[in-house]
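Beneath this line is the structure, given in structure tokens, with notes to follow.
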Amino acid sequence: MRHRGAGRGLRVPFDLKAARLVWLAQTLLMGVSVVVLYGVLVLGGATGESRFAGILSFAGPTLVAIMGAARLARSTIIRLMQRHAPPEGREEAYAVATLMSTGFIEGPGIMLMILCFVSGAALWLLLGGAVTVGLMTVSGPSREEAGLDR
């Protein structure tokens, strides 16, 4: 026996307020994590040098490139959404695009922080953290970008 609505998938209402709240939590967590890890490294006597400089010189730019690609993908998704999404589904589509892109920025940022922390590279941690938090800040949800004129 088929249930009413079977095959349509689970529909979770998601609006711009919820997206802003999740984005703010992600961004603040990244910022606080960078400050705390940097403090631990500096108090522990770490310098800007790393025991794994070769790994950082490859991994750092790679992770930053992934973050940049996430930002580019986000702008492409939003442009397509504004052209093709029905008006009643734009807010939800925009919220999902925003959270997906900030997740793709947050993931490499966390990897970079862990790599810097383990290797003792306090300066790289500070620089990578600043790039991550900066990208997340400019990727925050806004009514204007979403094209929501309510």
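The values are calculated or read from the model by the stated rules, or taken from the named source; none is laboratory data. Worth saying up front: this structure is predicted, and the values here are computed from it rather than measured. With ideal geometry, Cβ positions are generated from the backbone for all residues, glycine too; neighbour counts draw on all protein chains shown.
Go through the stretch 107-121 and count every residue that is buried (at least 23 other Cβ atoms within 10 Å of the Cβ) and part of a helix (DSSP H, G or I).
Final tally of qualifying residues: 4.
May I ask you to list pairs of residues, at least six apart or on different chains, whose Cβ atoms are under 6 Å apart, with the first in the stretch 84-96 being touching a residue at least 12 places away in the same chain (Cβ under 8 Å) and the second being surrounded by fewer than 19 Cβ atoms within 10 Å (Cβ to Cβ) and outside any helix (DSSP H, G or I)?
GLU91/ASP15; GLU91/LEU148; GLU92/PHE14; ALA93/ALA85; ALA95/PHE14
Taking the condition at pLDDT 80 or above and either assigned to a helix (DSSP H, G or I) or over 21 Å from ALA18 (Cα atoms) (or both), does LEU41 pass?
Taking the combined requirement at face value, the residue does not satisfy it.
How many of the residues making up the stretch 122-150 are more than 15 Å from the chain's Cα centre (by Cα), in a helix (DSSP H, G or I) and closer than 15 Å to SER75 by Cβ?
Residues meeting the conditions: 3.
Would you confirm, using the coordinates I've provided, whether GLY60 is modelled with pLDDT under 80, assigned to a helix (DSSP H, G or I) and loosely packed, with under 13 Cβ neighbours inside 10 Å?
For GLY60, the condition - modelled with pLDDT under 80, assigned to a helix (DSSP H, G or I) and loosely packed, with under 13 Cβ neighbours inside 10 Å - is not met.
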